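Heads up: the structure comes next, in structure tokens.
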Amino acid sequence: MIIAGEIKRIEDWYCKAGPKDKDTQWKDDYSAKEFARLWFKNETELVEPEEIKNIIDSIYGTHQLLFCFPEHVSSLDTEKAGRNHDMCILGFSKTHDLFVVCIEAKVEEKFGDKTIKQYLDSVNERSGVPKRVSWMKEKLDMSNRNIDDIYYQLLTAVCGTITEAKKYDCKNCITLILQIIPHREISNAIEAHKKEIKKFIIANNPDKKDDIIESGYTTLLSTDNPDVNVCLGYVEIQKRL
């Protein structure tokens, strides 16, 4: 496993792949720092987190992570800025060949500040957002569905994953929501995250209204390309000491 940018220590991650606002976002119990910690057995030894390994194994079997790209930007449409993932992974398994995993890590943070409706209402008529939303709805077989109350960030996370799979000519990809649990009570935030994930899944496929979102959950999403298997996964990980 290679983490791009010659990241071999936690200090390298801070310098080369840390958040834009390091003073306020690189702190204990914040997702940027806690996510980076997950990838180190100690300060200098890289390791694939066991919980991530297990959920990938459950979909693709025994696998190898080839390259990991922290703070990776994937393209969405060709006209505007791309989608920033906490990490994009290119992996390989004997049963599924190359696959892509794009990770969205959370502690208490919401899935962005705006739902689709709020985002559309906040932009002017010259903005490319309405066109991008239509493009994402088409990608996710949601063109004829009302997704006003779905968070914009969830759509971009999945569509960014799809474009990464296309770049590497992969037939399999996962958007993985990673819930990091700190050493304090955040159950309300966790339940809110699960609620938003469930709304997104139902919008994509109403037949999944009875699905229960718990750690290790995965589901195959409906998309406009039946030749590519796009999964959404959710896993909980305890904060590392």
M142 is checked against (1) touching a residue at least 60 places away in the same chain (Cβ under 8 Å); (2) within 26 Å of L38 (Cα to Cα) and fails just one. What number does that condition carry? (2)
Which count do you get for residues in region 60-84 that are modelled with pLDDT of 90 or more, of a type outside the set (G, A, S), open to solvent by less than 40 Å² (accessible area, probe 1.4 Å) and more than 16 Å from the chain's Cα centre (by Cα)? 3
Tell me which residues, restricted to region 197-241, are over 30 Å from N42 (Cβ atoms), of a type in the set (A, V, I, L, M, F, W, C) and open to solvent by 70 Å² or more (accessible area, probe 1.4 Å). I212, L220
Testing I147 on (1) assigned to a helix (DSSP H, G or I); (2) buried (at least 17 other Cβ atoms within 10 Å of the Cβ), one condition comes back false. Which one is that? (1)
Hits in region 150-186 - residues which are open to solvent by 30 Å² or more (accessible area, probe 1.4 Å) and part of a helix (DSSP H, G or I): Q153, K166, K167
Go through region 5-27 and count every residue that is surrounded by fewer than 16 Cβ atoms within 10 Å (Cβ to Cβ) and either in contact (Cβ under 8 Å) with a residue 40 or more places away in the chain or of a type in the set (K, R) (or both). 7
Residue ID - farthest from the chain's Cα centre (by Cα), chosen from residues in region 187-241 that are of a type in the set (D, E) and part of a loop (DSSP other than H, G, I, E, B): D210
State whether the residues of region 179-197 include one that is at positive phi, in contact with a strand residue (DSSP E or B) (Cβ under 7 Å, 6 or more places away or on another chain) and in contact (Cβ under 8 Å) with a residue 12 or more places away in the chain. no
Selection from region 97-131 of residues of a type outside the set (K, R), open to solvent by 30 Å² or more (accessible area, probe 1.4 Å) and part of a loop (DSSP other than H, G, I, E, B) yields E108, E109, D113, V123, N124, E125, S127
Here's a check for you: in region 132-144, which residue that is in a helix (DSSP H, G or I), over 14 Å from F200 (Cβ atoms) and not hydrophobic (A, V, I, L, M, F, W, C) is least open to solvent (accessible area, probe 1.4 Å)? R132
Report every pair of residues separated by at least 6 positions or lying on different chains whose Cβ atoms are under 8 Å apart, first residue within region 28-54 and open to solvent by less than 20 Å² (accessible area, probe 1.4 Å), second in a helix (DSSP H, G or I) and at pLDDT 95 or above. L38/I52
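The values are calculated or read from the model by the stated rules, or taken from the named source; none is laboratory data. As the structure is a computational prediction, the values presented were derived from the model and not from experiment. Note: ideal-geometry Cβ built from the backbone for every residue, glycine included; neighbour counts use all protein chains shown. Just the protein is used for accessible areas: all its heavy atoms, side chains included, with ligands, DNA and RNA removed. Shrake-Rupley method; radii C 1.70, N 1.55, O 1.52, S 1.80 Å.
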